[in-house]
There are 2 protein chains.
Amino acid sequence: MTEQIDVDFGANGLVPAVAQDADSKDVLMVAYVSPEALEATRETGYAHYYSRSRDELWKKGASSGHLQEIQEVRVDCDADTLLYLVDQEGGACHTGHESCFYRTVDGEAVGETVFDPDDVYE
Amino acid sequence: MTEQIDVDFGANGLVPAVAQDADSKDVLMVAYVSPEALEATRETGYAHYYSRSRDELWKKGASSGHLQEIQEVRVDCDADTLLYLVDQEGGACHTGHESCFYRTVDGEAVGETVFDPDDVYE
């Protein structure tokens with residue numbers, strides 16, 4: 001018997017979500033999720049986030065085609081952080097890398113480039 | 001030639017950090033990091049965070065022994081989120097699970113228990 005977890009969206013109505021590639025297990029990105037974004041993610045099967053800069057619901061890949069098909073949504077022990085396990089179309093990062101975490105903090109390049117951003121973003 | 005990345009700690013002086021097991025690639029937890037916590041992490045080779053509830057620098061595992069030895073610290077494209085690749089001693093979660101993400105949002109148990117919290121926390 002399982003019961004849906006009550007996600008704690010806190011004072012600002014957002015929780016961080018980690019997107020992880022379901023196959024390679026690479027961590028792809030971290031973004032924020034509103035209650036509406038979580039609902040859209042669960043209803044459509046594609047990752048949705050909330051853009052704090054644009055102040056709007058955001059379907060990942062809507063403009064680039066680099067959609068994230070959801071395999072599973074997990075929640076942490078405090079129910080205030082999400083983990084999206086996804087099949088990533090193309091790359092997650094607007095720089096053309098598979099993952100947004102393509103550098104060490106020392107500036108060493110560790111990530112793979114999977115597309116040319118000039119071909120994807122106008 | 002590489003150059004250290006200037007992490008953007010933003011208005012509240014904290015960035016989220018994802019801890020990922022360097023071997024299994026499981027996402028273990030998400031917590032917050034202050035400039036001091038990042039410095040302590042890099043200097044000691046063990047993951048440090050900033051506890052918002054206790055309002056203090058926090059060495060992960062200091063009381064439980066469940067330390068996270070750092071293999072690599074990555075930063076995302078916007079330089080406002082960190083990824084700690086770690087060797088996790090014991091389990092990351094205070095519930096006894098290896099990972100804090102041991103449930104789906106539907107309440108299904110998906111994570112492994114690796115210790116009994118009653119044995120670890122007094």
| remark: Rounded to the nearest 500, the 222 nm mean residue ellipticity computed for chain A from DSSP H runs (n ≥ 4, each -39500 (n - 2.57)) alone is -3000 deg cm²/dmol
| query | So what is the relative contact order of chain A, in percent, for Cα pairs below 8 Å that sit 6 or more residues apart? | reply | 22
| Degrees between helix B:35-44 axis and first principal axis of chain B (Cα, 0 to 90, nearest 10) | 70
| Once you average over the residues of A:16-26, how many Cβ atoms of partner chains fall within 10 Å of each Cβ? | 3
| request: List the trypsin sites (Lys or Arg not before Pro) within region A:17-122 that fall in a DSSP loop (any state other than H, G, I, E or B) and whose Cβ has at most 15 other Cβ atoms within 10 Å. | output: A:Lys25, A:Arg52, A:Arg54
| Residues A:Leu28, B:Leu38 arranged by fewest to most Cβ contacts within 10 Å | B:Leu38, A:Leu28
| field | If the convex hull is drawn through the Cα atoms of chain B, its volume per residue in Å³ | value | 130
| remark: Net charge near B:Thr44 (other residues with Cβ under 10 Å of its Cβ; Lys, Arg +1; Asp, Glu -1) is -1
| field | 7 Å along Cα→Cβ, label-point gaps from B:Glu72 to other copies, nm, shortest first | value | 2.4
| Karplus-derived HN-Hα couplings along region A:22-28 (A = 6.51, B = -1.76, C = 1.60, θ = phi - 60°), whole Hz, x at Gly and Pro | 5, 8, 6, 6, 5, 7, 8
| remark: Cβ density ranking, 10 Å radius, fewest first, applied to B:Val105, A:Val110 yields A:Val110, B:Val105
| request: Take every DSSP beta bridge with both residues inside the protein assembly as shown and express the antiparallel ones as a percent of the total, to the nearest 5. | output: 80
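Each reported figure results from applying straightforward, stated rules to the coordinates on display, with no laboratory input. Just so it is clear, the model here is predicted, and its values are computed rather than measured. Every residue, glycine as well, gets a Cβ built from its backbone with ideal geometry; the counts of neighbours run over all protein chains shown.
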